[in-house]
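Following: one structure in structure tokens, then a few remarks.
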Amino acid sequence: MSIAADPPAGEPPAEVSGSAPGPTRSPARIAWARFRRDRVGVVSAAAVALFLVVALLAPVIGWIYGRNPYTTYGVNQGGLLTPSGLPAHRFGGMSSGFWLGVEPGLGRDVFMQLVYGARTSLFIAFAVSTITTIFGVLFGTVAGYLGGRVDWIGGRIIDIALAFPGLLLLITMSPIIESKFSSPNTKLPTWMRFAVVIIVLSVLGWMSSARLIRGQVLSLREREFIDAARMSGASTWRIVRRELLPNLWSPTLIVLSLSIPAVITGEAALSFLGVGILEPIPDWGRMVKNGADVYSTDPTYLIAPGAALLILVIALNLLGDSLRDALDPKSTR
Amino acid sequence: MRHPLPRRRIAGPLALLCAAVLSGCQFGGHGASAAAADSCGVQSTSPTATAAPYNYRLDNTVNGPVAQVPGARTGGIVTVYDADDYPHLDPARIYLNSEQSVAFVLSRALTQYVQHGTDITLVGDLATDTGRTTDGGKNWTYTLRDGVAWEDGSPITSADVKYGLEREFVSGYSEGPTYFQSWIAGTDDFGSVYSGPYAGKTLDAIATPDDKTIVITFKNPEPDLPFDMALQGVPVKASKDTREAYDQHPLSSGPYKIASREIDKSMVLVRNSAWKPDTDPIRTAYPDQFVFNFGEPELQTYQRLIGAAGSDATAITLSDVVPHQLLDQVLSSPDLLARSVVSVSPFVNFESINTKRITDVRVRKALMYAWPYCQLRQLIGGADTGELANALSSPTLLGHADDNLYNIPPRGDPAMARELLTAAGQLGRTILVPFDPQTELSQQIVIIAKQALEAAGFKVVEKPVDRKRQNDQVGNPSNPYDLYPTAWSADWPSGATVYPPLWDGRLIHAGPGNSDKSFFDDPAIDAEMDQVKTIVDPIEAGKRWAQIDREIRAQVPVFPTIYFRSRQIYGPGIGGATFDNIYGEISLNYLYVKS
């Protein structure tokens, strides 16, 4: 199929060349039409939507299912765990009462851990991706549009940020940050751990979006419609707001959609290293870590969080690809 | 005592991290109120589930060579895998149990233990007997055996023993035990009395009338000296004292010497030809070599030992215990069970209550009743990791009496706890507990403990504290926490190395480093302990220590949770493997490589 190049979105339709199929088809509608024809995209979007619904409705699911993620069933009642704390029955203790079995050690319900773990993963992923994308767009736009010395300094800042041993820093700093910001006699608030993880992943993750947006802005800056706006006396702020940003929508969406799966795996890695979200908040990374410890005797426990992570991350990545194809058809596979 | 927390480390993270667990499911323990289907009621598959009485003796007539193990063969190489290298091999700096296990084949002491299962006999090693005293323990005389020699062939003399004991005073060697130094000085501040031989002074309290005789004079009667000499009575040859470097390569007096050593990586022990079996009533020395490899994680080592491929067939691990993830696999395999050693370790775990903060004994009792003993034991691996404990001393201690003072059900008694708490008018009292945020097990323990304590009417606030800092913090009398775990092992099977270091109120000092993490201070008990310390007959002293154990428990500064047990696997090509009840791990003695 042949599709005409997108007209810059900020320009009035009257300025678009005559190759557009009809006067009523906006670029967004064209992209939507393209996306609907992409079967992989639709399937992955449905999978992501399913995870989102599960995460949002976790308490309802728990209510219907009759279990919660915090009760230590295997410790409270006999017969679920062996005396040494492993699931007493086959396949990790899967049964009609415990759909995905019971957790080794504490004996909590694996299915509910998984459902509530989706909340942790997706909440952190959306929070971090939103922060990094907004910051990246601002940083990239400023550096790219102003150019010259500002662009040079911005580039060096990105270089330095990329060279930072962030993970090491997090492992060493997180206990210090926490003890500094909480009084010795009170419980560390749960939001604090979330805040630390979100801040750290944001600080580690904004650079790629900033670079990408900067490149886009550099090329847009030289386009005729920007020159025209500049010559007609528009202020820099107006040019950025009315001419540049509307044209950055598609790269921004792509950046966002590719950042979310990266953050999910990043957060799981933090938990795996023991510096992520703490007990008793359910977390997939921690489940994978504990599953790896018992895989030789209870492999089922590793499969549930592993499969969930795999499916969600693949679905998000494919969705990101499809979005990019739909919004930016020049980048063919 | 100077050292914080466990004097000797139990292999693996259990003793340090794992809070808790407790007493007597099978061990005459907390009564039989647990439901039959309850995992706490399930009988352990361990062959040593029943209480084994430990028989201690002093034998002053034993001479070398040692009786041979039936079927044993000389020769072969034993490979040893350990997660961590042994920090010290200098006799003055050794304190960890793994260090002592290795020192057992490298260095001879004045006395040593002959162990056959639970029959443990203290005998003269370098000395002809365990020590002679005629005045209740103030003056002690040792005579060296004929023919004992250093690795370079020169004879071991009384001057070497004296020099070795003097080296214990050097302030730079503070990692080792301090019993002998304190006894000589008559005070815990022994550095002010004598600072070691490097300053050019010798210690008048140790006399060497001839090459074979050592006479030690104390200020007060010290009846435990024969035991301490197994720990501290190790000679050092002054002309071969390389000071700091001695820690890496001590001069051998035992059946093996160090052929090569790379810190944190490897060590090879080969036969010491100067060692004569006729002079040694304890050591068998069957293998030609011990090859140590360090740095491999516990789980990996155990997968090796289970697989037993190639040279792993004749491999052992000295300090690593079976990880709880593999425990079910080991317990369900007759082959693996047949090649494992298991026994009660000298470590007891208890929960220390900060008595500076919780002054009402009813609240302390409520904590004790509410504690989820059996649930926590299940979490760390179940009955195979140890018996729930009633007393503060390990079953390996001389005089240990596992008497049940409170009859707490294995799963705790929240109703009783709530009653006590209500009576004290402190329902809803906040309990601050530290945990290690980097360790999953520590977080899981807090989940279960919190659940149980809150069911009894407490409010639990958990506080993440870095593990390394937790030891320092809870050893400080001004610490803000209410409840934290402690593990302790006796240095020799006498209550003198358990009760005074932990509960003598006069030892409490400001700042970190207190061994008494409950800050328990009762002058009546201090006076009683002073009295028992002077009893020469170890059996009689044992009975009195057991009485003190009860008196301390009546005031609940701590409550015991578990008598730890260690299970270790060895390769199928190894014969004669036994458990060392003093060091709490597999013994290097009696081992041989099957033909």
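The values are calculated or read from the model by the stated rules, or taken from the named source; none is laboratory data. The structure presented is a predicted model; accordingly, all values stated were derived computationally and were not measured. In this analysis, Cβ positions are derived from the backbone assuming ideal geometry, glycine residues included, and neighbour counts consider all displayed protein chains. The area values use the complete protein model at the heavy-atom level, side chains included, leaving out ligands, DNA and RNA. Shrake-Rupley method; radii C 1.70, N 1.55, O 1.52, S 1.80 Å.
Points worth noting:
- Restricting segment B:510-537 to residues that are of a type in the set (D, E, K, R) and at pLDDT 85 or above leaves a set whose member that is surrounded by the fewest Cβ atoms within 10 Å (Cβ to Cβ) is B:D530.
- Picking from residues in segment B:297-328 that are over 21 Å from B:G584 (Cβ atoms) and surrounded by 17 or more Cβ atoms within 10 Å (Cβ to Cβ), the one that is farthest from the other protein chains (Cβ to nearest Cβ) is B:T314.
- Restricting segment A:290-324 to residues that are in a helix (DSSP H, G or I) and out of contact with any helix residue (DSSP H, G or I) (no Cβ under 7 Å at 6 or more places or on another chain) leaves a set whose member that is nearest to A:T252 (Cα to Cα) is A:D321.
- Those residues of segment A:266-289 which are buried (at least 20 other Cβ atoms within 10 Å of the Cβ), part of a helix (DSSP H, G or I) and either touching a residue at least 40 places away in the same chain (Cβ under 8 Å) or not hydroxyl-bearing (S, T, Y) (or both), in sequence order: A:G266, A:E267, A:A268, A:L270, A:W284, A:G285, A:R286, A:M287, A:V288, A:K289
- Residue check, A:L80 farther than 20 Å from A:D328 by Cα, modelled with pLDDT of 75 or more, in contact with a strand residue (DSSP E or B) (Cβ under 7 Å, 6 or more places away or on another chain) and within 14 Å of chain B (Cβ to nearest Cβ): yes
- Residues satisfying the stated conditions in segment A:245-296, i.e. under 26 Å from A:D109 (Cα atoms), among the aromatic types (F, W, Y) and more than 11 Å from chain B (Cβ to nearest Cβ): A:W284
- Every listed requirement among (1) within 14 Å of chain B (Cβ to nearest Cβ); (2) at pLDDT 90 or above; (3) touching a Phe, Trp or Tyr at 6+ places or on another chain (Cβ under 7 Å) is met by A:P69 save one, (2).
- Given (1) within 30 Å of A:L56 (Cβ to Cβ); (2) acidic (D, E); (3) within 25 Å of the chain's Cα centre (by Cα), number of the condition A:D159 does not satisfy: (1)
- Options B:L427, B:L420; residue that is more than 22 Å from the chain's Cα centre (by Cα), part of a helix (DSSP H, G or I) and either farther than 17 Å from B:E551 by Cα or not hydroxyl-bearing (S, T, Y) (or both): B:L420
- Filter pass, A:V102 being open to solvent by less than 10 Å² (accessible area, probe 1.4 Å), over 28 Å from the mean Cα position of the chain (by Cα) and away from chain B (no Cβ under 12 Å): yes
- Members of segment B:362-387 that are within 20 Å of B:V474 (Cα to Cα) and not aromatic (F, W, Y): B:V363, B:R364, B:L367, B:M368
- Test: residue in segment B:89-103 that is farther than 19 Å from B:V236 by Cα, open to solvent by 10 Å² or more (accessible area, probe 1.4 Å) and out of contact with any Cys (no Cβ under 8 Å at 6 or more places or on another chain): yes
- B:L507, sole failed condition from (1) open to solvent by 10 Å² or more (accessible area, probe 1.4 Å); (2) within 14 Å of chain A (Cβ to nearest Cβ); (3) among the hydrophobic types (A, V, I, L, M, F, W, C): (2)
- Residues within segment A:297-321 that are within 10 Å of chain B (Cβ to nearest Cβ) and open to solvent by 20 Å² or more (accessible area, probe 1.4 Å), tallied: 1
- Filter result for B:G399 (closer than 23 Å to B:P480 by Cα, more than 14 Å from chain A (Cβ to nearest Cβ), surrounded by fewer than 24 Cβ atoms within 10 Å (Cβ to Cβ) and touching a Phe, Trp or Tyr at 6+ places or on another chain (Cβ under 9 Å)): no
- Filter pass, A:S129 being modelled with pLDDT of 90 or more and either in a helix (DSSP H, G or I) or within 14 Å of another protein chain (Cβ to nearest Cβ) (or both): yes
- B:V446 part of a helix (DSSP H, G or I) and within 14 Å of chain A (Cβ to nearest Cβ): yes
- Within segment B:451-484, tally of residues that are open to solvent by 20 Å² or more (accessible area, probe 1.4 Å), facing another protein chain (nearest Cβ under 9 Å) and outside any strand (DSSP E or B): 4
- Residue tally, condition of a type in the set (S, T, Y) and part of a strand (DSSP E or B), over segment B:342-367: 3
- Residue check, A:F91 under 17 Å from the mean Cα position of the chain (by Cα) and touching a residue at least 12 places away in the same chain (Cβ under 8 Å): no
- Within segment B:173-219, considering residues that are small (G, A, S) and under 23 Å from the mean Cα position of the chain (by Cα), the one surrounded by the fewest Cβ atoms within 10 Å (Cβ to Cβ): B:S174
- The number of residues in segment B:485-501 being touching a residue at least 40 places away in the same chain (Cβ under 8 Å) and part of a helix (DSSP H, G or I) comes to 5.
- Every residue from segment A:200-250 that is polar (S, T, N, Q) and either open to solvent by 30 Å² or more (accessible area, probe 1.4 Å) or at positive phi (or both): A:S208, A:Q216, A:S219, A:S232, A:S235, A:T236, A:S250
- The number of residues in segment B:312-341 being under 20 Å from B:S101 (Cα atoms), out of contact with any Leu (no Cβ under 8 Å at 6 or more places or on another chain) and outside any loop (DSSP other than H, G, I, E, B) comes to 3.
- Any chance B:A487 is on the phi < 0 side of the Ramachandran plot, at pLDDT below 85 and surrounded by 22 or more Cβ atoms within 10 Å (Cβ to Cβ): yes
- Listed by first and then second residue, the pairs with beta-carbon distance under 6 Å, at least 6 apart or on different chains, first residue in segment A:200-223 and farther than 10 Å from A:Y145 by Cα, second open to solvent by 30 Å² or more (accessible area, probe 1.4 Å), are A:S202/A:I131; A:W206/A:F135; A:M207/A:L162; A:A210/A:F139.
- Qualifying residue in segment B:264-286 (condition: at positive phi, of a type in the set (A, V, I, L, M) and surrounded by 15 or more Cβ atoms within 10 Å (Cβ to Cβ)): yes
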